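Report on the structure given below.
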Amino acid sequence: MRTSTRAGVWSGALSCVLAVVVLVSAGIGPVAIAPTTVAKATLNAVAVPGALSLGQSTVGGVVVPTLDIGYVHPFSFPVEEPHQVIVTTIRLPRILLGAVVGFALATAGVVMQGFFRNPMADPSIIGVSSGAAVGAVAFLVAPFALPFGLGLQGAAFLGALCTAFGVYLIASENGKTPVATLLLAGVAVQTFLGAVISFMLLHSGESLRQVVYWLMGHLDNASWGDVGVAALVVPPLFLLLLAYGRDLNVLLLGEEDAHSLGIEVERTKRVLLAVSSLVTAAAVAVSGVIGFVGLIVPHVMRLVVGPDHRILLPTSALAGAAFLVATDTLARSGTAELPVGVVTAALGAPFFLYLLRTQEVRSL
């Protein structure tokens, strides 16, 4: 079977799994809602652009014409109003944000494992998550103003990007970035940032509980705005990484062999590092530090579909989305709601040990 066909079949199957997980998850909670009702409520919330109309607004005392877009709801299924509000206002934003975050973390995990040719690599290996944590904790402990009205998520995103850029500069020499040097620089920076976070925790005062909760990783208080921002950033970056699937396959042979096969190694490494860092930063900024998704999911999918990144990238991304939605559903289904990062760690670590003991985890 051709690679594109295999990728399409697996991606289609996992998309169906993700859709089922989302529908079931949206029906679970203090108020149980049937999956069919969830589907109807979701379709009722769909809005498409309708008629255009001319309007007016006042800017600086001057009346200027505006173009207003009317939106039409093409579906109108009979759903009880409380169920409609619960699904579309409370549960779906959290679920879809979890899907985007899981999609992003699994994508970055695949790229990092291929980039470093190391099955133990994950999205945080060069300190991106630690950088995001420093930015977020600093904002929570001593709130500061950011341009464009950016708040906690903006502080975390900027911290992640600054860390990734700093690690790259530390590891680069004469226009080249040795993978081993980059890995060691990432470990050193992570350790230093961990010390910075500990220092801020000691001086966090009344914000300690909020800081610790963010560091555990959670999807609470998700809004449609969070979903929109994450969905605007992650898919285009994923498509760019997917275009480098063949290059990732060739890089597994070693940099010299990749260069002899026509790959611009240093340029490819810079693109992969920058884009995967952006993907990780976008995920961590809206959810906090959620571990094991980018480590476990690529391992499992590599055992299922093989090491070809043209298939591994889309399948891992979709599996990561379904996995995080399912674990977040479990996290909020108990008598006491848990941060999803706690659940992913509690499930991920034993499962990873199980894989090590019972399966031949594929080396890269």
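Taken together, the values in this text are just the output of simple stated rules run on the coordinates, not laboratory data. These numbers come from a predicted model, not from an experiment. Cβ placement follows ideal geometry from the backbone for every residue including glycine, while neighbour counts extend to all protein chains displayed.
Numerical summary
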{"quantity": "Largest-first principal axis extents of the Cα set of region 279-364 (Å)", "calculated": "39, 30, 17"}
{"quantity": "Rounded FRET efficiency, nearest 0.05, which uses the C-beta distance separating N118 from R2 and R0 of 30 Å", "calculated": "0.55"}
{"quantity": "Estimated inter-spin distance, A274 and V179, nm [label 7 Å along Cα→Cβ]", "calculated": "2.1 nm"}
{"quantity": "C-alpha center-to-center spacing [region 290-333, region 105-134] in angstrom", "calculated": "14 Å"}
{"quantity": "Estimated Rh, region 147-250: Kirkwood, alpha-carbon pairs, angstrom", "calculated": "17.0 Å"}
{"quantity": "Relative contact order for the chain, counting Cα pairs under 8 Å that sit 6 or more residues apart, in percent", "calculated": "26 percent"}
{"quantity": "Lys/Arg +1, Asp/Glu -1 at C-beta; the chain dipole; positive extreme among F116, L355, G166", "calculated": "L355"}
{"quantity": "Of the DSSP H helices in the chain, those whose Cα atoms cover at least 30 Å axially and whose Kyte score averages 0.0 or more", "calculated": "3-27, 92-116, 179-202, 265-287, 309-331"}
{"quantity": "Inter-label distance, nm, simple model (7 Å from Cα along the C-beta direction), V20/V46", "calculated": "2.2 nm"}
{"quantity": "Point-to-point label distance, S333-A34, nm (Cα→Cβ direction, 7 Å offset)", "calculated": "2.0 nm"}
